[in-house]
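Heads up: the structure comes next, in structure tokens.
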Amino acid sequence: MKRVIVGLSGGVDSSVAAYLLKEQGYEVIGLFMKNWHDDSVTISDECPWLDDSNDALLVAEKLGIPFQTVDLSEEYKERIVDYMFNEYEKGRTPNPDVLCNREIKFDVFLKIALSLGADYVATGHYCRKDTIVKDGKEVYRLLEGKDPNKDQSYFLCQLSQEQLAKTLFPVGELLKPEVRDIAKAQGLATANKKDSQGLCFIGKVRLPEFLQQKLQPKQGNIIEVSPSEKKYHREHPQFVSKREELEFLSNKYTYDINDGKVVGKHQGAHFYTKGQRKGLAVGGTPEPLFVIETDVETNTIYTGQGKRHPGLYRKALFIALEELHWVRDDLKLMIDEELEVMARIRYRQPLEKATLYRVDSGVYVVFENDQSAITEGQFVAWYIEDELVGSGVIS
């Protein structure tokens, strides 16, 4: 009997994951991760982790499996929260869920599980894993979940072969309604519980308020840029090399205050992100304003009217070498190699055709269609058919 430690989060997915593993004959232990109890940085009035840990305990009792709580709040603060503040301060927009999986669930938590004699850890993620043999060596593949509405492979885009080797995803073959049905049939306390929103393991976070506790509000201008601004209608030059073309396509537009008119004030450029519409509090425009760029140096937000504003769109992006990650090491590109993939720059975005170009300093990702709100600090993940093979932080 192999021992599996399930990250019981107090939600229905991990509850059913634990039940399925028990049915398959594994020795199952439930572990709840407590990741936040720092009262100096309040996150919301609710205290979701208390309810969640109680629900996780009820599920473990119902399934007759051992249960304990581990306090990972110190690691969480250091690796996730501090990183978030740091990134926002630089004017980038991090993805805490991807980081939480890489740094907490499949690193700190995995190491604790292995120290408790586990053969595997399991989570309630909607994704699948399989194993192929290549050149006489086992290779683990990270595949999309069967439920197209719930696929969470994107959030696991930073996992390594070592992490995948020790991981099980029991609900990846199921649709969400099937998971709920199993939970109801087994009388699990979480059967009708709503899916958690917000930060991985913390719960609902009102981000601007959360950030304001560490980053000081500072008033600046909101500038509206016209779609007819001449920088949007630049001619494509004659390129002397592929590299020059890639640089041109991935370059973002740069702005200064003379590119538009002041239409309002904000309380800090680092509280905003590209593509954002809510929270600008500027009325009276025929179409809603969207953030097209933020400048934390001058504390200025540049906006444009409507979601088709040309300032939102770009065809390519760049990933620096140190922020490039291959789930499949064996598919890593060498310098000057290229690879056709399907890619997405955010969770829930439909996959888009793209080509990766490897250069000495990193990888360019060039999309077939222009992409809206390519945002520094976010992750781009790429797939071959239904397999996620790599990812990187947008530079």
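Observations, loosely collected:
- Check: the stretch 51-200 dipole with +1 on Lys, Arg Cβ and -1 on Asp, Glu Cβ, in debye: 400 debye
- For the stretch 125-177, the spread of Cα coordinates along the three principal axes comes to 39, 18, 15 Å, biggest extent given first.
- About the Cα centre, charge dipole magnitude for the stretch 247-395 (Lys/Arg +1, Asp/Glu -1 at Cβ), debye: 1000 debye
- For the stretch 237-322, carbon and sulfur atoms together expose 50% of the accessible surface, with a 1.4 angstrom probe and every protein chain in place.
- In loop segments of the stretch 288-348 as defined by DSSP, the GluC sites (Glu not before Pro) with at most 16 further C-beta atoms inside 10 Å of their C-beta are Glu297, Glu337.
- In this structure, the pairs whose alpha-carbon distance is over 20 Å, taken from Lys315/Lys353; Lys2/Lys111; Lys129/Lys166; Lys22/Lys137, are Lys22/Lys137.
- Ordering His309, Thr375, Pro350 by the projection of their Cα atoms onto the charge dipole of the stretch 280-395, which places +1 on the Cβ of Lys and Arg and -1 on the Cβ of Asp and Glu, puts His309 at the extreme positive end.
- Per-peptide packing, taken as the mean over residues of other Cβ atoms within 10 Å, places 212-218, 259-265, 373-379 in the sequence 373-379, 259-265, 212-218 from highest down.
- Projecting the Cα atoms of Ile104, Leu20, Tyr83 onto the charge dipole of the stretch 1-157 (Cβ charges, centred on the Cα centre) puts Leu20 farthest toward the positive pole.
- Magnitude of the charge dipole for the chain, about its Cα centre and with charges confined to Cβ atoms of Lys, Arg (+1) and Asp, Glu (-1), is about 780 debye.
- Rounded to whole Hz, the Karplus (6.51, -1.76, 1.60) HN-Hα couplings of the stretch 128-142, x for glycine and proline: 10, 10, 9, 10, 10, 10, 10, 6, x, 10, 6, 10, 9, 10, 9
- Mean Cβ count within 10 Å, highest first, over the residues of peptides 382-393, 139-150, 234-245: 382-393, 139-150, 234-245
- Share antiparallel - DSSP beta bridges, the chain, percent rounded to 5: 75 percent
- Computed with a 1.4 Å probe on the full set of protein chains, the accessible area for Thr254 sits at about 100 Å².
- √(5λ) per eigenvalue of the Cα gyration tensor, the chain, largest first, Å: 39, 27, 17
- Cα convex hull, the stretch 267-344: 156 Å³ per residue, rounded to a whole number.
- Share antiparallel - DSSP beta bridges, the stretch 18-149, percent rounded to 5: 60 percent
- Projecting the Cα atoms of Thr254, Leu143, Ser241 onto the charge dipole of the chain, computed from C-beta unit charges around the Cα centre, puts Thr254 farthest toward the positive end.
- Accessible area per residue in Å² at 1.4 Å probe, computed on the chain: 47 Å²
- The mean of 1/r over all pairs of different alpha-carbon atoms in the stretch 193-322, once inverted, gives a Kirkwood hydrodynamic radius of 16.9 Å.
- Split the accessible area of the stretch 108-202 by element, probe 1.4 Å, and carbon with sulfur accounts for 50%.
- Ligands, DNA and RNA aside, Ile132 has an accessible area near 60 Å² when probed at 1.4 Å.
- Spatial separation of Cα centroids for the stretch 1-31 and the stretch 262-294, in angstrom: 45 Å
- Projecting the alpha carbon convex hull of the stretch 318-395 along each direction and taking the average yields 4.7 nm².
The values are calculated or read from the model by the stated rules, or taken from the named source; none is laboratory data. Small disclaimer: the values here were computed from a predicted structure and weren't measured. Note that each Cβ is placed from the backbone with ideal geometry, even for glycine, and that neighbours are counted across all protein chains shown. All accessible areas refer to the heavy atoms of the entire protein, side chains included, with ligands and DNA or RNA removed. Shrake-Rupley method; radii C 1.70, N 1.55, O 1.52, S 1.80 Å.
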